[in-house]
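Below is one structure, written out as structure tokens; comments come after it.
The values are calculated or read from the model by the stated rules, or taken from the named source; none is laboratory data. Computed from a predicted model, the values in this text were never measured in an experiment. All Cβ positions, glycine included, derive from the backbone under ideal geometry; neighbour counts span all protein chains shown. Heavy atoms of the whole protein, side chains included, go into the accessibility calculation; ligands, DNA and RNA do not. Shrake-Rupley method; radii C 1.70, N 1.55, O 1.52, S 1.80 Å.
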Amino acid sequence: MTTAGGTTARVLRWPHTQLELQFENDRFPFNGVFVEFPENSDPVNLLGRNDFFQRYVVQFWDAAEMMNIDTSPDYPRPAPDS
């Protein structure tokens, strides 16, 4: 697989198995791949799948070392418990 920086990376995928991601109480199908980092490398967290970004808005504020994840306003929210 070619990365955004133009280098290649080995990826792990399971094409015949339905994977799911879970974020808090929300579980959904995942069609992405996992990057295999070489031993003794400095791994970097990667985000970039529509599976995740259709459901969530992610904000990074590097100067404050903060990250915020919220449900997308376009994605249906579960009804509140009564």
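Before moving on, here are some points about what is shown:
- Carbon plus sulfur fraction of accessible area for the chain, probe 1.4 Å, in percent: 50
- Mean accessible surface per residue for the chain, computed with a 1.4 Å probe while every protein chain stays in place, in Å²: 90
- Translational diffusion coefficient (Stokes-Einstein; Kirkwood radius from C-alpha pairs) of the chain at 10 °C, 1.306 mPa s, in µm²/s: 103
- For Thr7, net neighbour charge (Lys/Arg +1, Asp/Glu -1) across residues whose Cβ lies under 14 Å away: -1
- Amide H within-cut-off set for Thr3, under 5 Å, with H built and near neighbours excluded: Thr8, Ala9
- Extension gain, Phe52 back to Phe28 (0.36 nm per residue minus Cα-Cα distance, nm): 7.8 nm
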